[in-house]
1. How high is the relative contact order of the stretch 11-66, given as a whole-number percent (alpha carbon pairs under 8 Å, six or more residues apart)?
2. Normalised radius of gyration for the chain, please: alpha carbon Rg relative to 2.2 N^0.38 Å, two decimal places.
3. Can you give me the accessible area per residue for the chain, using a 1.4 Å probe, in Å²?
4. Tell me the Kirkwood hydrodynamic radius of the stretch 52-105 in angstroms, computed as one over the mean inverse distance between distinct C-alpha pairs.
5. Relative contact order for the chain: what is it in percent, counting Cα pairs under 8 Å that are at least 6 residues apart?
6. Using helices alone, I'd like the mean residue ellipticity at 222 nm for the chain: each DSSP H run of four-plus residues gives -39500 (n - 2.57), total over residue count, nearest 500.
7. In the chain, with Lys and Arg counted as +1 and Asp and Glu as -1 at Cβ, which of these residues, Val87, Leu98, Gln13, has the Cα nearest the positive end of the dipole, that is, farthest along it?
8. Which value, in debye to the nearest 20, gives the size of the charge dipole of the chain about its Cα centre, when Lys and Arg are +1 and Asp and Glu are -1 at the Cβ?
Amino acid sequence: MHKVSKQTIKATQKHAQKAIEHSKEIQELGKSLETDDQIDPEQKERIEAYGKTMHEHAQKFQDLAHRLIEDPSTDVYSEAVEEHTKVNQAHIEAIKELQKIEPPA
């Protein structure tokens, strides 16, 4: 069975931590929009929900990244990559929602 290198494990852990931080930023952004009356309330909720989804997958990503220390198998690494992909997909959807917001005239 192939093992993941220590360098890859460290990089995975670093990416997982960044994903956690970024997910929190998106959630906070969604919450900060709640006071803006010019933005559709459903749109605000979607942005915040994407942030929460990002956070859930980022947390799983981080858990798997830490698990790699004990089990540096390619199976665990593949699971971590899948969670990272899900974080990125939710981030893309959040950005799409943000792009729909019309700038003030």
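The values are calculated or read from the model by the stated rules, or taken from the named source; none is laboratory data. These figures come from a predicted structure and were not determined experimentally. As a convention, Cβ positions derive from the backbone with ideal geometry for all residues, glycine included, and neighbour counts pool all protein chains shown. Note: areas computed on protein heavy atoms with side chains; ligands, DNA, RNA excluded. Shrake-Rupley method; radii C 1.70, N 1.55, O 1.52, S 1.80 Å.
1. Working: 52 pairs, mean separation 29.2, N = 56.
Normalised by residue count, the contact order of the stretch 11-66 is 52 percent.
2. On the way: Rg = 16.5 Å, N = 105, 2.2 N^0.38 = 12.9 Å.
Ratio of Cα Rg to 2.2 N^0.38 Å: 1.28.
3. On a per-residue basis, 67 Å².
4. Numbers: mean 1/r = 0.0811 Å⁻¹.
With all distinct Cα pairs of the stretch 52-105 included, I get 12.3 Å.
5. On the way: 120 pairs, mean separation 36.6, N = 105.
Worked out over the chain, it gives 35 percent.
6. Values: 3 runs with 83 residues, N = 105.
For the chain, the value works out to -28500 deg cm²/dmol.
7. Farthest towards the positive end: Gln13.
8. Working: 15 positive and 21 negative charges, 133 e Å.
The calculation lands at about 640 debye.
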